[in-house]
Amino acid sequence: MNGSTKRALGVLALLGALLTLAGAASAAPLPPHKRIAVVIFEQASGFFRQGLGVGAAETLITQTLIGNGYPVVNAAQVEKIKKDKRAELLAQGNKKAIRELGKIYDVKIFLVGRATLAEPMKNDFGTYTGTATVAVQAYSTSDAKYLFSDMASGKELGGTPDESSQKAIEAASRIIAANLLAGEGKAGGVSGGGAAPATAQEVQILITDVTSFQTVNAVLEAAQHLAGARGAAVTSYAGGVATLSVQYIGTPKDLMAGLSRQGLPVRFTGVSGNKISATGL
């Protein structure tokens, strides 16, 4: 093997190594070896249900991160963060609160979210159907940079209302945990949408072939609860065509990907500029 051949093979090996590293980096939205605090606030609909699923989403996501080598802040420290008067600002993505709480509690990344349990419904099988939604966002505490956003819903059956709700929130949390490791929902979009903007931008959703306002309302509610959304409204609805406006921190492709995972009664057909197209099912 002559010198030229050896040099060529060396270059190819180096390129292969770089591509492997680049692929690994793009797959993981959270930087490794940086202390992460998983702070998820929970709420439930209905009387005497507050606190029902306490810790389920937080615990499942934390366990997944630990199992994959991420250094995660312990539960006692997370409770201190939640009791801090700036915790609500943290949940809102306030940059000052993110930086201050990061310094105080020695946290490098905040994974902040909200888990919502809906009132379980009795079904035709004599059991209960529980639904839950988990929405999260991740921020770097050094510069309050937005790293990740995702929302997932779970719908599960249970013999009692509490069992169905608990199973639903666990199902939604597992989806979030899996997406964290896979890189789905990452700021900038694994779908190739480019870097997510620091402030919310208006994204329009145009839905054709709509036969019921319930379809429009389902998309609206999903958009309102999607991590990264800062507001959503129906701007027009007539002749089977509806338009929604969403103030969103992220790219239109990220928004469409997040909505596509919600099991909505529409089929998303594409993105053009700041407009998402969909058709009713």
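The values are calculated or read from the model by the stated rules, or taken from the named source; none is laboratory data. Here the structure is a predicted model, which is why all the values come from computation and not from measurement. Reconstructed Cβ throughout: ideal geometry from the backbone, glycine too, with neighbour counts over all protein chains shown.
Points to keep in mind about this one:
- Search result, residues across segment 231-258 that are touching a residue at least 24 places away in the same chain (Cβ under 8 Å), closer than 13 Å to residue 217 by Cα and of a type outside the set (Val, Ile, Thr): 237, 242, 244, 245
- Answer residue from segment 150-175, given it is in contact with a helix residue (DSSP H, G or I) (Cβ under 7 Å, 6 or more places away or on another chain), farther than 12 Å from residue 60 by Cβ and buried (at least 20 other Cβ atoms within 10 Å of the Cβ) and is modelled with the lowest pLDDT among those: 151
- Scope segment 97-142; condition surrounded by fewer than 20 Cβ atoms within 10 Å (Cβ to Cβ) and without any contact (Cβ under 8 Å) to a residue 24 or more places away in the chain; matching residues: 100, 104, 121, 122, 124, 126
- Selection within segment 100-119 - modelled with pLDDT of 95 or more, outside any strand (DSSP E or B), touching a Ser or Thr at 6+ places or on another chain (Cβ under 7 Å) and not charged (D, E, K, R): 102, 107
- Within segment 205-230, the set of residues being buried (at least 16 other Cβ atoms within 10 Å of the Cβ) and at pLDDT 85 or above comprises 205, 206, 207, 210, 215, 216, 218, 219, 220, 222, 223.
- Evaluation of residue 70 against the conditions (1) surrounded by 13 or more Cβ atoms within 10 Å (Cβ to Cβ); (2) modelled with pLDDT of 85 or more; (3) touching a Phe, Trp or Tyr at 6+ places or on another chain (Cβ under 9 Å); (4) assigned to a loop (DSSP other than H, G, I, E, B) shows that the sole unmet condition is (3).
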